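Student: Before I ask anything, here is the structure I am working with.
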Amino acid sequence: MDAKAVLKGAITDAQERYKALNPLSDEAEENALTYLPGGNTRSVLHFEPFPLTMVKGEGAEAIDLDGHRYVDFVSEYSAGLFGHSDPRIMAAIDEALETGIAMGAPTPYERILAAILCKRFPALDQVRFCNSGTEANLMALTTARAVTGRNKLLAFRDSYHGSVIKFPGGSCELNVPFDFALSDFNDTEGTEARIRELGDDLAAVIVEPILGAGGNIQGNRDFLKMLRERTEEVGALLIFDEVKTGRMGATGVQGMLDFKPDLMTLGKFIAGGLPTGAFGGRADLMARFDPRHGRGWNHAGTFNNNVCSMAAGCVAMGEIFTPDVGDEFLKWGEDFRESLNRMFRERDVPMYANGMGSMIAIHFAKEPTKAPKEITAGCQSLRPLLHMEMLLEGVLICKRGDFFLSLPMNDSHLDKARGALGVFIDKHQLLIENVLAV
Ligand code: PMP
């Protein structure tokens, strides 16, 4: 039998075992089909044969409807940095609720959180809040268009900047109808030529300094620096999307570089796991939002400063994920990532933990992946098997092979993940090699 057929059989076998263990989640999905297309309101959470329905989260662990307990490396796709139940965040939410739910006025919380973020991220002179990372990027892009009076935007293939700004393999049906040109992530020469070609039509380049959904691929410094220099040359803005990577160390990735983007966006973790987004940057650009003289751009949003998110954010970013904790957490994550790569090397299995710190993606390849086009069809086809087998070992990971570490995790959680990967390799090493050889 050829490797592809064996892989298919292995995936079916794992799915059968999963189904047998999760009858209540199976039934819950079935019942949800009537009112939610595919039983689902968030496409990324769907996988075959059906996703687990979660009923409780405690620290870094989650419990499903059938009563199984997992170590949660999905970590809400990185928004769950603080885990499920940090008492300090819960207390901040309770306190905010006691003051009133929907205030329709400025509150102390967003002012405190704005100061925390601006003192922390070098590119943020001033900031505004919104409801999601998608919205933050829409605001940054529309700001760039309005500031420059230009329409063209440059993004990267396989990047993800939100539900209507995503480019897996190219543009998507549901994208906003902005005038996007696409280039290849980490292709310094090609992108440089593209920026020069777009010249004074170009309003902005938007980039994630580590390409997250595209495989947790680190942007190399020369590439990012070139983006800074060439955007300056053609009078376009550089936008860093740090919705995910803002959790890297004390200052996000941009704080590790010797230059700043004009605008940056944040989201996910900065409100302790509650809905939010933020965009900000150079004071002269953000000043355009100043409403005091009646000429400011009208940036609206009923829930921009909702008290729960803002209050949770103050505690999360001000008291829990302090700059020192950010640095330590990055190191802890890097040590874990290196331990995985050591294990893969020692076992001589073609797997690699890409990414940085607490943002890791397992690729089926011996070497680090430096660009999305290096991801092979074989690698993609092995991911559902890895995903299923990890779930069966009690380790929740994203279906595309991402692991996100969270602050309440301890070494025993990491040991559990390493152990589960070991079991996966014991079982499937030959199959992995054969699939990649096709
Ligand atoms: N940018 C990046 C880099 C993201 O990973 C995401 C979410 N996965 C977003 C933007 C969009 O954030 P949200 O889901 O809060 O709209």
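The values are calculated or read from the model by the stated rules, or taken from the named source; none is laboratory data. Predicted model only: the values in this text are computed from it and were never measured. Neighbour counts run over all protein chains shown; Cβ positions are idealised from the backbone, glycine included. Ligands, DNA and RNA are excluded from the accessible area calculation, which covers all protein heavy atoms including side chains. Shrake-Rupley method; radii C 1.70, N 1.55, O 1.52, S 1.80 Å.
Student: Calculate how large, on average over all directions, the projected area of the Cα convex hull of the stretch 83-162 is; give the answer in nm² to one decimal.
Tutor: 8.2 nm²
Student: So how tilted is helix 411-437 from the main axis of the chain? Cα-based, degrees 0 to 90, rounded to 10.
Tutor: Around 70 degrees separate the two axes.
Student: Still on this structure: If eta is 0.890 mPa s and T is 25 °C, what Stokes-Einstein diffusion coefficient results for the stretch 51-108, Kirkwood Rh from Cα pairs, in µm²/s?
Tutor: The diffusion coefficient I find is 184 µm²/s.
Student: Here is a further query. Taking every DSSP beta bridge with both residues inside the stretch 108-320, roughly what % is antiparallel (nearest 5)?
Tutor: If I count the DSSP bridges inside the stretch 108-320, around 45 percent turn out antiparallel.
Student: Listed here are the pairs LYS19/LYS244; LYS260/LYS370; LYS370/LYS399; which of them are more than 27 Å apart at the Cα?
Tutor: Listed pairs above 27 Å: LYS19/LYS244.
Student: Gain in length, ASP335 to ALA300, computed as 0.36 nm per residue apart minus the alpha-carbon separation, to one decimal in nm?
Tutor: Extra length available between ASP335 and ALA300 comes to 8.3 nm.
Student: May I pose another question? Hey, can you rank 407-420, 51-64 by average C-beta count inside 10 Å, highest first?
Tutor: The packing order, highest mean first, is 51-64, 407-420.
Student: Can you tell me the Rg and Dmax of the stretch 23-142, counting just the alpha carbons, in angstroms?
Tutor: So, for the stretch 23-142, Rg and Dmax equal 18.6, 52 Å respectively.
Student: Counting every Cα pair in the stretch 272-319, what percent are over 16 Å apart?
Tutor: 53 percent
Student: Output needed: percent of Cα pairs per 10 Å distance bin for the stretch 108-320, bins running from 0 to the one holding the longest distance.
Tutor: Cα pair-distance distribution for the stretch 108-320, in percent: 9, 37, 38, 15, 2.
Student: For the stretch 269-377, what are the per-bin percents of Cα-Cα distances with bins 5 Å wide, up to the bin holding the maximum?
Tutor: For the stretch 269-377, the binned pair fractions read 2, 10, 12, 12, 13, 12, 12, 11, 8, 5, 3, 1, 0, 0 percent.
Student: In whole angstrom, and with the biggest value first, how far do the Cα coordinates of the stretch 175-226 range along each principal axis?
Tutor: Each principal axis gives a Cα extent; for the stretch 175-226 these are 29, 26, 13 Å.
Student: Magnitude of the Cβ-charge dipole of the stretch 108-320, K/R +1 and D/E -1, about the Cα centre, nearest 20 debye?
Tutor: About 640 debye.
Student: Tell me, what is the FRET efficiency for MET226 and GLU319 to the nearest 0.05, using R0 = 51 angstrom and their Cβ-Cβ distance as r?
Tutor: In this case the efficiency is close to 0.85.
Student: Alpha carbons only, please: Rg and Dmax for the stretch 289-438, in angstrom.
Tutor: 20.4, 69
Student: Then there is this: Which one of THR369, PRO384, THR148 has its Cα pushed farthest toward the positive end of the charge dipole of the chain, where Lys and Arg give +1 and Asp and Glu give -1 at the Cβ?
Tutor: So the residue furthest toward the plus end is THR148.
Student: Can you list, bin by bin at 10 Å, the percent of alpha carbon pairs in the stretch 135-178, starting at 0?
Tutor: 28, 56, 16
Student: Hey, what's the Kirkwood Rh for the stretch 243-291 if you take every pair of different alpha carbons, in angstrom?
Tutor: This gives a value of 11.9 Å.
Student: If you don't mind, another one. Could you check how much of the accessible area of the chain is carbon and sulfur, as a whole percent, using a 1.4 Å probe?
Tutor: 53 percent
Student: Report D for the chain in µm² per second (integer): Stokes-Einstein, Kirkwood Rh on Cα pairs, 25 °C, 0.890 mPa s.
Tutor: For these conditions, the coefficient is 108 µm²/s.
Student: Continuing with this model, one more query. By per-residue mean of other Cβ atoms within 10 Å, what is the highest-first order of 385-394, 228-237?
Tutor: My ranking of the peptides, most packed first, is 385-394, 228-237.
Student: Between the helical axis of 108-120 and the dominant principal axis of the chain, each derived from Cα atoms, what acute angle in degrees is found, rounded to the nearest 10?
Tutor: The two axes meet at around 80 degrees.
Student: Moving on. For the chain, what does -39500 (n - 2.57) per DSSP helix run (n ≥ 4), summed and divided by total residues, give at 222 nm, in deg cm²/dmol to the nearest 500?
Tutor: That comes out to -13000 deg cm²/dmol.
Student: To continue, here is another question. Using the alpha carbon gyration tensor of the stretch 332-403, what are the three equivalent-ellipsoid semi-axes (square root of 5 times each eigenvalue), largest first, in whole Å?
Tutor: So the three semi-axes of the stretch 332-403 are 16, 16, 12 Å.
Student: What is the helix-to-structure angle for 377-392, meaning the angle in degrees between its Cα long axis and the longest Cα principal axis of the chain, kept from 0 to 90 and rounded to the nearest 10?
Tutor: Helix 377-392 sits at roughly 80 degrees to that axis.
Student: Follow-up. Specify the inter-centroid distance of the stretch 1-52 and the stretch 113-170, based on alpha-carbon positions, in whole Å.
Tutor: 34 Å
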